[in-house]
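The next block holds one structure in the form of structure tokens; read it before the comments.
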Amino acid sequence: MLKGLIFDLDGVLTNSAKFHLGAWNNLAKELGIDLTADQLDGLRGLSRMDSLELILKDGGQETKYSEAEKEKFAAEKNEKFLEQVETMTPDDILPGIPELLADAKAQGLKMAIASASKNAPKILNKLGIMGEFDAIVDPASLSKGKPDPEIYVKAQELLGFEADEVISFEDAAAGVAAIKAAKQFAVGIGSATLLKDADYLVATTADLKLAEIEAAFNKK
Ligand code: BG6
Ligand code: MG
């Protein structure tokens, strides 16, 4: 029986994914690296340092910089990202999400956040929806990032549920892989090619309807 929903944040509840990708793209350009659209998409869901490592690898620069230099690049990117976060308001909640959260609440479902972002609490506060969630996984407590299942297993445990009692939502291929490795039901939001392993797929958050998703979950 369905008891809880687990959400990624960036690209699922709000459009902050585009701020992350824009800030990474700018940093990559400064380093002389031109990222393709697919390479940029591949950064979705990855932790800050995993994203930087992948960009350097894509640019053939994986051994060029010291750890201290890499920390500096990541801090610069984060500063730019936070400038964008400061502009966020409840209007930046993606279409369909307020209705989804309200339907879940009305049904007594518990909800958790499984975001790799250390900025998640700040973003949730800016959006005014911090109080909607019963649990938020602290990404600093994880030993591995997505696509490892750890973050989704932790979210499910914080809610006190089993893998087959939750539905998890993602916009990233690495995130869908993490959900499936955690043996949970995965809802993918975005490209059918990128998110081909999801159990249920929608093009945008506006297409998320709890009753329909739950019907697909119950059939599984
Ligand atoms: C994820 C984003 O939610 O958080 C990634 O999809 C980002 O793009 C990651 O790199 C880490 O975020 P932060 O805010 O800790 O740098
Ligand atoms: Mg995401």
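The values are calculated or read from the model by the stated rules, or taken from the named source; none is laboratory data. Source: prediction; values computed, not measured. Backbone-built Cβ (ideal geometry, glycine too); neighbour counts: all protein chains shown.
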**Message:** Can you find, within the range 16-36, the residue that is farthest from ligand 2 (Cβ to nearest atom) among those that are surrounded by fewer than 16 Cβ atoms within 10 Å (Cβ to Cβ) and under 27 Å from L127 (Cβ atoms)?
**Reply:** N26
**Prompt:** Using beta carbons and a limit of 8 Å, which pairs, at least six apart or on different chains, have the first residue in the range 62-82 and free of Cβ contacts under 8 Å to residues at least 24 places away in the same chain and the second one among the aliphatic types (A, V, I, L, M) and part of a helix (DSSP H, G or I)?
**Reply:** E62/L56; K64/L56; Y65/L56; K70/M49; K70/L52; K70/L56
**Complete:** In the range 24-61, anything in contact (Cβ under 8 Å) with a residue 40 or more places away in the chain and within 26 Å of Y152 (Cα to Cα) is listed as W24, D41, G42, R44, G45, L46, S47, R48, D50
**Message:** So for the range 50-68 (the condition being within 16 Å of ligand 2 (Cβ to nearest atom) and not small (G, A, S)), does at least one residue qualify?
**Reply:** yes
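Listed here are the residues, each with its yes/no results for (1) in a loop (DSSP other than H, G, I, E, B); (2) assigned by TED's automatic domain parsing to the domain that holds A206; (3) within 22 Å of G175 (Cβ to Cβ).
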{"site": "N26", "(1), (2), (3)": "no, no, no"}
{"site": "Q39", "(1), (2), (3)": "no, no, yes"}
{"site": "R44", "(1), (2), (3)": "yes, no, yes"}
{"site": "S51", "(1), (2), (3)": "no, no, yes"}
{"site": "E62", "(1), (2), (3)": "yes, no, no"}
{"site": "F73", "(1), (2), (3)": "no, no, no"}
{"site": "E76", "(1), (2), (3)": "no, no, no"}
**Fill in**
Condition set polar (S, T, N, Q) and within 16 Å of E214 (Cα to Cα), scope the range 156-196, selection farthest from ligand 2 (Cβ to nearest atom): answer is Q184
**Message:** If Y65 meets every condition in (1) within 16 Å of S117 (Cα to Cα); (2) more than 16 Å from ligand 1 (Cβ to nearest atom) apart from one, which number is that one?
**Reply:** (1)
**Request:** Please tell me if K126 is surrounded by fewer than 17 Cβ atoms within 10 Å (Cβ to Cβ), of a type outside the set (A, V, I, L, M, F, W, C) and either over 20 Å from the mean Cα position of the chain (by Cα) or within 15 Å of ligand 1 (Cβ to nearest atom) (or both).
**Result:** no
**Message:** All but one of (1) within 12 Å of ligand 1 (Cβ to nearest atom); (2) loosely packed, with under 14 Cβ neighbours inside 10 Å; (3) not in a helix (DSSP H, G or I) hold for G108; state the number of the condition that does not hold.
**Reply:** (1)
**Prompt:** For the range 155-183, how many residues meet the condition of being assigned to a loop (DSSP other than H, G, I, E, B) and surrounded by fewer than 24 Cβ atoms within 10 Å (Cβ to Cβ)?
**Reply:** 5
**Prompt:** Pick from D138, D91, D134: which is at pLDDT 95 or above and closer than 20 Å to A181 by Cα?
**Reply:** D138
**Request:** Only residues in the range 1-21 that are outside the structural domain of V202 (by TED's automatic domain parsing) and without any contact (Cβ under 8 Å) to a residue 60 or more places away in the chain count as the first member; pair them with residues that are outside any loop (DSSP other than H, G, I, E, B) and within 11 Å of ligand 1 (Cβ to nearest atom), Cβ under 7 angstrom, at least 6 apart or cross-chain, and list the lot.
**Result:** L21/L40
